[in-house]
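Down below is the structure, laid out as structure tokens.
Every number here is computed from the coordinates shown, using simple stated rules; none is lab data. What you see is a predicted model, and the numbers here were worked out from it, not measured in a lab. Backbone-built Cβ (ideal geometry, glycine too); neighbour counts: all protein chains shown.
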Amino acid sequence: MKQYQRLSWVVVLGLAVAGLFASRMFAQDPSDRPKNETTMSGCLNKDSSGNYTLTDEKTGVKTTVTGPADLEKHSANHRVTLTGTAKADAKGNQVFEVSKIQHVSASCKAPSQ
């Protein structure tokens, strides 16, 4: 009988510890999870409609970017490296939301597409 009591306490204790770990796993704050950030480099400009675009220097592919006010000071065809995430804007268009800007050069030359 004592052997069964000891075994049942071990089982109960094991389940309690497993439950504690499981509750911690599901109670994580979503802001603690890593973001799916990527990095893009190219020529940053502002078009006539006021949108910022990053043009790839090799392919000429243009990507619409949004983000901090610092984009403005680099929008005169500066070479930059941008870190951020791809998202859809209110109209459903793909944009790159910038979280970090790294200035590389005050000039940039990208092929036209």
* Structure fact -> In order over the range 43-60: 3J(HN,Hα) from phi, Karplus 6.51/-1.76/1.60, θ = phi - 60°, whole Hz, x for each Gly or Pro, gives 9, 9, 9, 10, 7, 5, 8, x, 8, 8, 10, 10, 9, 5, 5, 8, 9, x
* Structure fact -> Pseudo-spin-label distance Val61 to Ser107, built 7 Å along Cα→Cβ, given in nm, is 2.7 nm
* Asked: Under a 5 Å amide H to amide H cut-off, with H placed in plane at 1.01 Å, what residues pair with Gly67 once short-range neighbours are removed?
  -> Val98
* Structure fact -> In the structure shown, of Lys62/Lys87; Lys58/Lys100; Lys46/Lys109; Lys58/Lys109, the pairs separated by more than 20 angstrom at the C-alpha atoms are Lys58/Lys100
* To do: Give, rounded to the nearest 20 debye, the magnitude of the charge dipole that the range 38-105 has about its Cα centre when Lys and Arg contribute +1 at Cβ and Asp and Glu contribute -1 at Cβ.
  => 60 debye
* Structure fact -> Non-local residues with an amide H under 5 Å from the amide H of Val104, with H modelled 1.01 Å from N and Pro and chain starts lacking one, are Arg79, Val80, Thr81
* Structure fact -> Phi angles of the range 66-76, converted by Karplus (6.51 cos²θ - 1.76 cosθ + 1.60, θ = phi - 60°) into ³J(HN,Hα) in whole Hz with x for Gly and Pro, give 10, x, x, 4, 4, 4, 4, 6, 10, 7, 9
* To do: Enumerate the amide H contacts of Val61 below 5 Å, restricted to partners 5 or more residues apart or on another chain; note that Pro and chain-start residues carry no placed amide H.
  => Asp56
* Asked: For the range 38-105, what class follows from the C-alpha gyration tensor (a ≥ b ≥ c being the square roots of its eigenvalues): rounded when a/c is under 1.5, otherwise prolate if a/b is larger than b/c, else oblate?
  -> rounded
* With θ set to phi - 60°, apply the Karplus curve 6.51 cos²θ - 1.76 cosθ + 1.60 along the range 93-106 and write out the HN-Hα couplings as whole Hz, x wherever there is a Gly or Pro. => 7, 6, 9, 9, 8, 7, 10, 8, 10, 10, 6, 10, 7, 7
* Structure fact -> Between the modelled labels at Ser48 and Ala86 (7 Å from Cα along Cα→Cβ) the distance in nm is 2.9 nm
* Would you kindly state how much longer the chain becomes between Met40 and Glu72 on full extension, computed as 0.36 nm times their sequence separation minus their alpha carbon distance, in nm to one decimal? => 9.8 nm
* Structure fact -> Mean Cβ-within-10 Å packing, highest first, puts peptides 91-100, 78-87, 49-58 in the order 78-87, 49-58, 91-100
